[in-house]
Amino acid sequence: MTEILAPAGNGDCAKAAINAGADAVYLGLDKFSARSSAENFDSDKLAYICRYAHLFGTKVYAALNTVVKDSEIEDFIKTALNAWNTGCDALILQDIFLGKFLKQNFPDICLHLSTQAGTCNVYGAELAKKYGFDRVILARETKLSDIAEISKIIETEAFVQGALCTCFSGQCYMSSFIGGNSGNRGKCKQPCRKKYSIDRVGFEEEAYRLSLSDLCVDRRINEYLASGVKSFKIEGRMRRPEYVSASVSYYKKLLKGNSVNNEFSDLKRTFNRGNYTSGLAFGQDKSFISSAVQGHIGEYAGIIKVDSSKYILRTDKKLSAGDGFKILRGGVETGGAVLSGEVKGGYVLSSQSRLKNGDKAFITTDRALNEKLLSKKRLLNLNIEARFFAGQLPELNVNGKLFYGDKPLESAATRPLSQDDVIRCFEKVDGFPYRPVINVETDGVFMPVSELNGLRRKAYSEYFAGNSTNVQYSFSLVIPEAVIKRNEKTAVISTDLTGLKADIGILKPQDYSLDFKIAESDFKGEKYLYIPPYLSNEGIKLIKNIIGSFDGIYCEAYYGIELANQLKTKLFAGTGFNLTNRLSLSLCEADYKCLSKELTIKEADALSDTKVFYLCEGDIKLMDLIYCPFEKKCKSCDRRELYHLTDENGRKFPLRRYKTEDCAFEVYNCATLLPVSVSAGKLSDFTAGGNCGAVTRGHTINGIY
């Protein structure tokens with residue numbers, strides 16, 4: 001059975017999703033949420049929304065999808081168990097090892113592996129299943145052919161609507177290193193939505209070079225269906241209830257095969273960045289990057305005509321006073337406007353910007369539409385059989401559940417309780433989403449109004465509360481003791497191991513299809529092949545062809561565990577594993593392990609061991625872009641290996657191209673990491689070259705919170 005899964009940044013959004021017919025909602029808690037700026041849910045709010053949703057058969061998934069520090073492990077486990085005990089239908093986790101721990105100790109918990117875990121091939125799927133996960137939320141970059149193979153292994157969830165991250169999920173450190181706000185901790189400040197220039201012909205002007213259009217797979221959702229996807233996810237825990245309602249309504253109708261022209265218009269008006277892309281599952285399209293407009297562009301409404309100092313919007317659309325607009329000139333945002341009146345053949349707009357003839361107006365706030373979307377109400381039919389007989393307890397049968405009063409009834413001396421009295425009482429639903437149908441049997445008893453009201457409140461509240469039940473787990477945790485042993489080895493990532501002096505050399509190719517001739521290198525230490533965080537099943541074939549020349553693989557993503565197992569080779573778990581606590585470190589099956597580059601030296605020391613490394617020198621990789629920032633114009637490409645992104649403050653970020661079966665890119669920090677000495681060992685990251693000469697201590701002193 002397919003599922004429309006809607007975002008719930010707060011209670012209003014959750015209700016909007018449920019009222020629009022969502023099959024499930026996902027939400028964040030007040031801790032460990034990757035959207036910490038959303039309103040999110042404390043224990044009481046979570047309990048309420050679980051009960052509300054379950055009245056209509058809507059599932060609730062709680063996202064605990066941040067990395068977890070050593071000092072937070074106990075709190076994390078307690079929070080996860082509380083969410084499950086409260087009635088959540090599944091928990092969404094980023095840390096696959098914490099999921100493994102939960103499943104081993106609390107086997108009934110249903111776990112979904114977050115998109116932050118980067119599942120993009122069959123090896124990641126097989127690992128998730130082995131660790132006890134029930135579903136993987138696919139990386140947004142996963143190819144359609146790979147989705148079909150993954151769906152044969154484990155249940156899959158795919159994004160169909162909403163914002164796209166420019167970086168491969170779980171691997172973005174840009175907000176963290178340039179501003180101290182970690183996306184892996186739910187505090188991303190979206191530097192990808194800022195303006196940049198690139199030192200390449202045609203890209204020198206500042207624009208939103210990394211800002212992606214919103215995703216809308218539209219009718220291509222049927223291709224997801226054919227590939228075995230079970231859950232269709234709408235992104236947007238930071239968006240408004242009307243967006244949630246419009247998105248759910250659109251995809252519900254689409255899956256039924258109905259016309260969605262009106263719903264698509266509603267969707268564009270509630271939020272639309274860049275006029276939509278179908279996403280990378282189907283290959284990079286022309287609208288993938290929204291370089292001219294960063295925010296909500298809305299729906300095209302018409303052309304502006306300046307007439308006697310009035311701005312007249314010529315349009316055939318029905319609009320109303322107070323509607324808001326974004327104005328574009330030459331495809332670039334130039335201001336905003338509000339509808340202030342009507343004239344023959346159009347509407348009058350007021351704007352603080354100076355508008356010109358020919359400017360295009362896009363409606364971004366449709367007040368009438370928002371009211372319509374939020375007016376949807378979903379009510380539960382309650383069939384109530386009420387029995388009031390002398391000598392017996394008052395009895396209510398509410399949809400098959402029995403409720404009783406506190407004491408037997410007596411025959412009425414004067415005015416008996418009538419059927420109408422009971423019906424009027426139970427038609428008051430006390431704020432619950434009920435539509436009661438009441439049938440009353442009585443032999444003429446007396447019952448005070450206060451007791452009748454009390455019985456109604458008891459029945460309605462207990463019926464509401466009785467719809468969220470899970471196995472109730474208690475909590476006991478033993479965390480492995482810190483080892484604190486010195487790692488005497490050094491490891492270096494480089495594009496060429498020739499002449500390198502280190503215990504472990506990690507070769508990072510620019511093109512994985514080339515013959516590396518690694519056997520001819522004079523490097524005498526252990527040799528590992530660098531594996532990027534995203535690799536399709538086709539790309540893995542390239543790795544299999546060359547892995548025999550290496551002692552093992554260094555991989556930036558969880559799928560490397562299963563890949564190494566099947567290749568029967570060693571594994572060096574890279575910084576992309578985001579290892580931040582002892583529990584995850586102890587459960588990570590790797591020969592060598594590198595700690596998260598967001599940890600401080602002090603935090604790293606507490607996790608050190610003879611097989612543990614810490615990034616201590618070199619260029620810092622901030623992003624992996626699994627697309628072409630040059631709009632995939634391959635015929636005119638200059639095919640350079642290195643470019644530079646320059647932000648509005650003049651900071652230059654190296655942009656390095658590499659190739660597996662397709663081109664991909666890496667963004668490096670504008671400052672090089674100063675060498676540091678730590679007891680946990682040394683790991684030098686790849687040096688892209690061409691940085692601006694600045695240096696940084698990174699997170700070695702000041703960590704993330």
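Some values worked out for this structure:
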quantity: Of the criteria (1) open to solvent by 10 Å² or more (accessible area, probe 1.4 Å); (2) closer than 21 Å to Gln190 by Cα; (3) modelled with pLDDT of 90 or more, which one Tyr705 fails; calculated: (3)
quantity: Failed criterion for Asn453 (all others in (1) surrounded by fewer than 18 Cβ atoms within 10 Å (Cβ to Cβ); (2) under 21 Å from Ile49 (Cα atoms) hold); calculated: (2)
quantity: Selection from segment 648-668 of residues that are open to solvent by less than 20 Å² (accessible area, probe 1.4 Å), modelled with pLDDT of 95 or more and of a type outside the set (Phe, Trp, Tyr); calculated: Pro654, Leu655, Arg656, Arg657, Ala664, Glu666, Val667
quantity: Residue under evaluation Arg237, criteria (1) under 19 Å from the mean Cα position of the chain (by Cα); (2) modelled with pLDDT of 95 or more; (3) buried (at least 21 other Cβ atoms within 10 Å of the Cβ), criterion not met; calculated: (2)
quantity: Residues being farther than 14 Å from Gly341 by Cα and modelled with pLDDT of 90 or more - total across segment 305-316; calculated: 2
quantity: Condition met for Lys129 (open to solvent by 30 Å² or more (accessible area, probe 1.4 Å) and touching a Leu at 6+ places or on another chain (Cβ under 9 Å)); calculated: no
quantity: Scope segment 174-214; condition open to solvent by less than 50 Å² (accessible area, probe 1.4 Å) and in a loop (DSSP other than H, G, I, E, B); matching residues; calculated: Gly180, Asn181, Ser182, Gly186, Arg200, Phe203, Tyr208, Arg209, Leu210, Ser211, Ser213, Asp214
quantity: Inter-residue pairs, beta-carbon under 7 Å, first small (Gly, Ala, Ser) and in segment 201-227, second open to solvent by 60 Å² or more (accessible area, probe 1.4 Å), 6+ apart; calculated: Ala207/Lys195; Ser213/Asn275
quantity: Complete set of residues in segment 652-676 that are more than 30 Å from Thr490 (Cβ to Cβ) and in contact with a strand residue (DSSP E or B) (Cβ under 8 Å, 6 or more places away or on another chain); calculated: Cys663
quantity: Qualifying position, being more than 17 Å from Tyr559 (Cβ to Cβ), in contact (Cβ under 8 Å) with a residue 12 or more places away in the chain and in contact with a helix residue (DSSP H, G or I) (Cβ under 6 Å, 6 or more places away or on another chain), among Cys165, Cys172; calculated: Cys172
quantity: Qualifying position, being open to solvent by less than 10 Å² (accessible area, probe 1.4 Å) and of a type in the set (S, T, N, Q), among Thr575, Thr490; calculated: Thr575
quantity: Subset tally (residues that are in a helix (DSSP H, G or I) and either open to solvent by less than 40 Å² (accessible area, probe 1.4 Å) or modelled with pLDDT under 95 (or both)) for segment 145-173; calculated: 5
quantity: Residues that are in contact (Cβ under 8 Å) with a residue 40 or more places away in the chain and open to solvent by less than 70 Å² (accessible area, probe 1.4 Å), drawn from segment 392-402; calculated: Pro394, Leu396, Val398, Asn399
quantity: Residue check for Arg656: assigned to a loop (DSSP other than H, G, I, E, B) and either among the basic types (Lys, Arg) or in contact with a helix residue (DSSP H, G or I) (Cβ under 9 Å, 6 or more places away or on another chain) (or both); calculated: no
quantity: Only one of Thr569, Thr610, Thr600 that is of a type in the set (Val, Ile, Thr) and closer than 23 Å to Leu673 by Cβ; calculated: Thr600
quantity: Filter result for Gln116 (of a type in the set (S, T, N, Q), closer than 24 Å to Ile4 by Cβ, part of a helix (DSSP H, G or I) and open to solvent by 10 Å² or more (accessible area, probe 1.4 Å)); calculated: yes
quantity: Which listed residue is more than 29 Å from Cys13 (Cα to Cα) and modelled with pLDDT of 95 or more, from Phe388, Phe325, Phe288, Phe362; calculated: Phe388
quantity: Some residue of segment 375-384 being modelled with pLDDT of 95 or more, farther than 30 Å from Ala20 by Cβ and open to solvent by less than 60 Å² (accessible area, probe 1.4 Å); calculated: no
quantity: Of all residues making up segment 333-361, the number that are touching a residue at least 60 places away in the same chain (Cβ under 8 Å) and open to solvent by 20 Å² or more (accessible area, probe 1.4 Å); calculated: 1
quantity: The lone exception for Val293 - which of (1) aliphatic (A, V, I, L, M); (2) modelled with pLDDT under 95; (3) surrounded by fewer than 16 Cβ atoms within 10 Å (Cβ to Cβ) it fails; calculated: (3)
quantity: Residue check for Asp406: part of a loop (DSSP other than H, G, I, E, B), out of contact with any strand residue (DSSP E or B) (no Cβ under 6 Å at 6 or more places or on another chain) and loosely packed, with under 12 Cβ neighbours inside 10 Å; calculated: yes
quantity: Residue satisfying all of: in segment 514-529; modelled with pLDDT of 75 or more and closer than 12 Å to Phe550 by Cβ; surrounded by the fewest Cβ atoms within 10 Å (Cβ to Cβ) among these; calculated: Gly525
quantity: Residues satisfying the stated conditions in segment 418-443, i.e. open to solvent by less than 20 Å² (accessible area, probe 1.4 Å) and either assigned to a strand (DSSP E or B) or modelled with pLDDT under 95 (or both); calculated: Tyr434, Val440
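Yes or no, residue by residue, for (1) farther than 25 Å from Lys187 by Cα; (2) out of contact with any Gly (no Cβ under 9 Å at 6 or more places or on another chain); (3) at pLDDT 95 or above:
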position	(1), (2), (3)
Asn40	no, no, no
Asp70	no, yes, no
Ile77	no, yes, no
Thr86	yes, yes, no
Asn105	yes, yes, no
Asp108	yes, yes, no
Ser114	no, no, yes
Cys120	no, yes, yes
Tyr123	yes, no, yes
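Yes/no matrix, rows are residues, columns are (1) in contact with a helix residue (DSSP H, G or I) (Cβ under 8 Å, 6 or more places away or on another chain); (2) free of Cβ contacts under 8 Å to residues at least 40 places away in the same chain; (3) at negative phi:
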| residue | (1), (2), (3) |
| --- | --- |
| Lys377 | yes, no, yes |
| Asn381 | no, no, yes |
| Ala390 | no, no, yes |
| Arg424 | no, yes, yes |
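The values are calculated or read from the model by the stated rules, or taken from the named source; none is laboratory data. For clarity, every value in this text was computed on a predicted model and none was experimentally measured. Here the Cβ is made from the backbone with ideal geometry for all residues, glycine too, and neighbour counts use every protein chain on show. Accessible surface areas use protein heavy atoms only, side chains included; no ligands, DNA or RNA. Shrake-Rupley method; radii C 1.70, N 1.55, O 1.52, S 1.80 Å.
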